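Input: a single structure, listed below in structure tokens.
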Amino acid sequence: MRLYQLDSYATRFQARVERAWSDPKGHHAVLSQTLFYPESGGQPADTGVLRGPFGEVRVLHAYEEEKAFGDVVHVLSAPVPEGVEVEGEIDWPRRFRHMQRHTAQHLLSQALLRAGGYHTVAVSLDSPVCTVDLEEEAEEEGIQKAEALANFAVYADYPVEAFFVSEEELAQYPLRRPPKVRGKVRLVRIGDFDLAACGGTHLKTSAQAGPIKVLRWERYKGGTRVYFAAGWEALEDYHAKHALLSRLALAFSTHPLELEKPIKRLQEELYALKGENLALGEALVEALLPGPWRRKPSSCRPLFWRSWPRNSSPGAGRPSSWFLRRGASPSSAPGAKRSWRGSRPWGPRGAARRWSRGPCPGSGWRRPWGL
Ligand SMILES: [Zn+2]
């Protein structure tokens, strides 16, 4: 019997070891009844301990022998004998977080459906950052509305109840998504907000799942993958980010919400200095080389421009690099032609054109014609 389906807040239970075996994958036991939730439906398994005449062994994992209706197999840290009475205790803080993730996922999936018509096709609740996969390509506005709606459902403090219905009765219930199992189906109702078939563990009220924060989303398998955090884990995420922003704000002597300005300014200065550094280095090497080995400026200009960061602001750091470059060019000499193609002292016409079009070959240094 799966006791967690009757009371998801119970933490201890008594049971008898019905089957026990060891194999290369570890030590296993099936109990007469259990509170340990087996990994399924995107929710991770419970962990905890079993106590008995053998002492105490840790429950490392639990899984279903057969989907939905099979026995729950407990993976143990040490072997236990068959037939003995045991007391089991689950790791409650871990379970409570799983219940927060899971209940929040119900609320968010319903909110996504109501706000944007987005259908949930898969979920993952393995880590503090959970995911909901949507069938559709979601828009930013729809996701933001859904996040707000999910949190309204949290503050509405809806009761959460679970009950079993037969397959024939299912038609009476407007489910968010059709059940994956047949026969007797377990439904989970969150007030009049959400109704879905689910075998997982849930909170008593929607309020315990909050806050629910969408962290980001991306295109995934033709639909959308939405990342979110809920409950304690959303609070921890907020705490970590707030602490980081506060440290940065202190370093820049500004308000956390004003940090973009000094960081952008720093970026622009960095790009400008990089550009100047590059130009100065090139100019220095060029000045040290004998005449025929010097770079032909126009042919190397594409290389110079390519090294310029695309997102730097126009003009930042450009003047000095620009004049250094032009200063090295004969075209800046008094009376000289502006175009390099007009005065080509290093080779035939075709060669000059080839050099002057694309980026500099190799290191960007021109081999003098004929050498
Ligand atoms: Zn559920």
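The values are calculated or read from the model by the stated rules, or taken from the named source; none is laboratory data. Because the structure is a prediction, the values reported are computed rather than measured. Neighbour counts are summed over all protein chains in view; Cβ atoms, including those assigned to glycine, are modelled from backbone coordinates with ideal geometry.
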Legend entry - Selected residue (criterion: farthest from the ligand (Cβ to nearest atom)) from residues of segment 191-210 that are buried (at least 17 other Cβ atoms within 10 Å of the Cβ) and in a loop (DSSP other than H, G, I, E, B): 210
Legend entry - segment 33-64, residues that are more than 16 Å from the ligand (Cβ to nearest atom) and of a type in the set (D, E, K, R): 51, 56, 58
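Quick one: would you say residue 106 is within 16 Å of the ligand (Cβ to nearest atom), in a helix (DSSP H, G or I), closer than 15 Å to residue 44 by Cα and not aliphatic (A, V, I, L, M)?
Working: within 16 Å of the ligand (Cβ to nearest atom): yes; in a helix (DSSP H, G or I): yes; closer than 15 Å to residue 44 by Cα: no; not aliphatic (A, V, I, L, M): yes.
Judged against the criteria, residue 106 is not a match.
Among the residues of segment 6-32 satisfying the criterion of being part of a loop (DSSP other than H, G, I, E, B) and either under 13 Å from residue 90 (Cβ atoms) or of a type in the set (Gly, Ala, Ser) (or both), which is nearest to the ligand (Cβ to nearest atom)?
8
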Legend entry - Among residues of segment 88-103, those that are away from the ligand (no atom under 16 Å from the Cβ) and either touching a Gly at 6+ places or on another chain (Cβ under 7 Å) or in a loop (DSSP other than H, G, I, E, B) (or both), counted: 4
Inset, instruction - With respect to residue 164, determine if the residue is of a type in the set (A, V, I, L, M, F, W, C), over 28 Å from the mean Cα position of the chain (by Cα) and more than 13 Å from the ligand (Cβ to nearest atom). - result: yes
Inset, instruction - Examine segment 206-219 for a residue that is touching a helix residue (DSSP H, G or I) at 6+ places or on another chain (Cβ under 6 Å), within 30 Å of residue 182 (Cβ to Cβ) and not aromatic (Phe, Trp, Tyr), and state whether such a residue exists. - result: yes
Inset, instruction - Look at residue 153 and say whether it is under 23 Å from residue 97 (Cβ atoms), away from the ligand (no atom under 13 Å from the Cβ) and surrounded by 13 or more Cβ atoms within 10 Å (Cβ to Cβ). - result: yes
Inset, instruction - Taking the residues in segment 73-95 that are β-branched (Val, Ile, Thr) and touching an Asp or Glu at 6+ places or on another chain (Cβ under 6 Å) as candidates, determine which candidate is surrounded by the fewest Cβ atoms within 10 Å (Cβ to Cβ). - result: 73
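Which one is modelled with the highest pLDDT, of the residues in segment 32-63 that are of a type in the set (Asp, Glu) and under 23 Å from residue 128 (Cα atoms)? Spell out how you get there, then give the answer.
Taking segment 32-63 and keeping what is of a type in the set (Asp, Glu), we get 39, 46, 56.
Filter once more, keeping what is under 23 Å from residue 128 (Cα atoms): 39, 46.
Details: 39: 92, 46: 96.
Restricting to residues being of a type in the set (Asp, Glu) and under 23 Å from residue 128 (Cα atoms), the top hit is 46.
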Inset, instruction - May I ask you to say which residue of 10, 68, 29 is under 37 Å from the mean Cα position of the chain (by Cα), modelled with pLDDT under 95 and among the hydrophobic types (A, V, I, L, M, F, W, C)? - result: 68
Legend entry - Leading residue by the ranking (modelled with the lowest pLDDT) among those in segment 181-190 that are touching a strand residue (DSSP E or B) at 6+ places or on another chain (Cβ under 8 Å), charged (D, E, K, R) and more than 10 Å from the ligand (Cβ to nearest atom): 184
Inset, instruction - Test each condition in (1) outside any strand (DSSP E or B); (2) among the small types (Gly, Ala, Ser); (3) more than 21 Å from residue 9 (Cα to Cα) for residue 229 and report the one that comes out false. - result: (1)
Inset, instruction - State yes or no: is residue 216 exposed (fewer than 14 other Cβ atoms within 10 Å of the Cβ), modelled with pLDDT of 95 or more and assigned to a strand (DSSP E or B)? - result: yes
Legend entry - In segment 109-134, the residues that are within 18 Å of the chain's Cα centre (by Cα), more than 20 Å from residue 203 (Cβ to Cβ) and away from the ligand (no atom under 16 Å from the Cβ): 134
Inset, instruction - From (1) within 16 Å of the ligand (Cβ to nearest atom); (2) within 24 Å of residue 28 (Cα to Cα); (3) outside any loop (DSSP other than H, G, I, E, B), pick out the condition that doesn't hold for residue 67. - result: (3)
